[in-house]
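Q: The structure that follows is given in the form of structure tokens.
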Amino acid sequence: YARQSSLALSDILPTLENFGLRVVRQDPTEVQPKNEAAFWIQEFIIEAPASSLSAPVQKANFEQALLQTFIGETENDGLNRLVLASGLDSRQVACVRALAKYVNQIGLPYGRSDIEQLLAGQPSIARMIVRLFESRFDPRLQADQRQSDEIRYAQEIEAALDGVSSLDTDRVLRALLSVVHAGLRTNFYQATSDGKPKSYISIKLDPSKIPELPFPRPMFEIWVYSP
């Protein structure tokens, strides 16, 4: 829905395509209420990628993520494909994005778009990495559950990585995994005064646990990500 004028296709199409959607056509309708400004209803016919997720799960996560992308709370990039492909919500994709941004700047021979493409091609492993991150840092977990979940997800990720045939994909995923293991503290679960997640994600790291990190390595590092 748009006021006064319809959304330009050059603005909306790249956003939808970043979610892995293929736009087949658009049907715009102008509505002119009496004594009020006109507005537009734009209906898009799209094709979604194959997924094992139920339609309600895809719908809920997609609507939330699309809105947050439009208002600038979420980056408009290829990692948004994980919303429909892996069942992660926009906040969980932000977790992947924070890890990927860190991996992007430690010296691996891959650009930002390369890392996004590699991660989007392994949605199930990306979801496991988020689950591992949550098992390590979610303050709602009890100590015994935290330990068992962390062991289980780490083992599942290692088993899944054994089935990855691409050396580039394996290297990027293992780099992300090492960043999660190197994490000591995070503000990921802190909220603002109005109850919303903070706009920035900070992670305190132990660089000695990140093999891809070049020397000299500091004793500690705090990585901060924000749109």
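The values are calculated or read from the model by the stated rules, or taken from the named source; none is laboratory data. In this text the structure is predicted, and so the values were computed from the model without any measurement. Using ideal geometry, Cβ is built from the backbone for each residue, glycine included, and neighbour counts are taken over all protein chains shown. For accessibility, only protein heavy atoms count, side chains too; no ligands or nucleic acids. Shrake-Rupley method; radii C 1.70, N 1.55, O 1.52, S 1.80 Å.
Q: Out of the stretch 197-227, which residues are in a helix (DSSP H, G or I) and more than 11 Å from ILE106 (Cβ to Cβ)?
A: Hits for the stretch 197-227 are SER208, LYS209.
Q: Among the residues that make up the stretch 139-162, is at least one of them polar (S, T, N, Q) and either open to solvent by less than 20 Å² (accessible area, probe 1.4 Å) or under 16 Å from GLN92 (Cβ atoms) (or both)?
A: Checked the stretch 139-162: no residue is polar (S, T, N, Q) and either open to solvent by less than 20 Å² (accessible area, probe 1.4 Å) or under 16 Å from GLN92 (Cβ atoms) (or both).
Q: Before we move on, is LEU7 at pLDDT 90 or above and within 21 Å of PRO227 (Cβ to Cβ)?
A: no
Q: Residue under question is ASP149, and the condition is that it be modelled with pLDDT under 90 and either touching a helix residue (DSSP H, G or I) at 6+ places or on another chain (Cβ under 7 Å) or outside any strand (DSSP E or B) (or both); does it hold? Explain how you work it out, then say what you get.
A: Values: modelled with pLDDT under 90: yes; either touching a helix residue (DSSP H, G or I) at 6+ places or on another chain (Cβ under 7 Å) or outside any strand (DSSP E or B) (or both): yes.
Here the answer is yes, as ASP149 does meet what is asked.
Q: Can I ask one more? Mind checking which pairs have a first residue in the stretch 89-101 that is hydroxyl-bearing (Ser, Thr, Tyr) and a second that is open to solvent by less than 10 Å² (accessible area, probe 1.4 Å), Cβ under 9 Å, 6 or more apart or different chains?
A: SER90/ALA65; SER90/ASN80; SER90/VAL83
Q: Please specify each residue of the stretch 117-164 satisfying the condition of being among the acidic types (Asp, Glu) and more than 18 Å from HIS181 (Cβ to Cβ). Step through it out loud before you land on a result.
A: Within the stretch 117-164, the subset among the acidic types (Asp, Glu) is 134, 138, 144, 149-150, 156, 158, 162.
Once the filter is applied, which keeps residues that are among the acidic types (Asp, Glu) and more than 18 Å from HIS181 (Cβ to Cβ), the stretch 117-164 yields only ASP144.
Q: A follow-up question, please. State which residue pairs qualify: first residue at pLDDT 95 or above and inside the stretch 211-227, second residue open to solvent by 60 Å² or more (accessible area, probe 1.4 Å) and not in a loop (DSSP other than H, G, I, E, B) in any location, beta carbons under 6 Å apart, and separation of 6 or more residues or different chains.
A: ILE222/LYS204
Q: Which of the residues that make up the stretch 188-227 are of a type in the set (Lys, Arg) and farther than 23 Å from THR74 by Cα?
A: Matches in the stretch 188-227: LYS209, ARG217.
Q: Cβ-Cβ below 6 Å, separation at least six or inter-chain, first residue in the stretch 56-68 and closer than 16 Å to SER199 by Cα and of a type outside the set (A, V, I, L, M, F, W, C), second modelled with pLDDT of 85 or more and assigned to a helix (DSSP H, G or I): which pairs?
A: Qualifying pairs under 6 Å: GLN64/SER90; GLN68/SER90.
Q: Follow-up. Tell me, which helices (runs of 4 or more DSSP H) wholly within the stretch 10-110 include 2 or more residues that are among the small types (Gly, Ala, Ser), touching a strand residue (DSSP E or B) at 6+ places or on another chain (Cβ under 8 Å) and open to solvent by less than 60 Å² (accessible area, probe 1.4 Å)?
A: 90-104
Q: For the stretch 164-214, give me each residue that is open to solvent by 40 Å² or more (accessible area, probe 1.4 Å) and farther than 24 Å from ARG112 by Cβ.
A: Result: LEU184, ARG185, TYR189, GLN190, ALA191, THR192, SER193, ASP194, GLY195, LYS196, SER208.
Q: Could I ask something else about it? Could you run through the stretch 199-215 and say how many residues are in contact with a Ser or Thr (Cβ under 6 Å, 6 or more places away or on another chain) and within 16 Å of ASP138 (Cβ to Cβ)?
A: 1
Q: Please go through the stretch 35-72 and pick out each residue that is at pLDDT 90 or above and among the charged types (D, E, K, R).
A: GLU43, GLU63
Q: Given the structure, is ILE222 β-branched (Val, Ile, Thr), surrounded by fewer than 17 Cβ atoms within 10 Å (Cβ to Cβ) and under 18 Å from TYR102 (Cα atoms)?
A: When the stated conditions are applied, ILE222 passes them.
Q: Filter the stretch 111-138 down to residues that are part of a helix (DSSP H, G or I) and among the polar types (S, T, N, Q) and give me whichever is surrounded by the most Cβ atoms within 10 Å (Cβ to Cβ).
A: SER135
Q: Give just the number: which of (1) polar (S, T, N, Q); (2) farther than 17 Å from TRP223 by Cα; (3) touching a Ser or Thr at 6+ places or on another chain (Cβ under 8 Å) does GLN117 not satisfy?
A: Here GLN117 meets the rest and fails (3).
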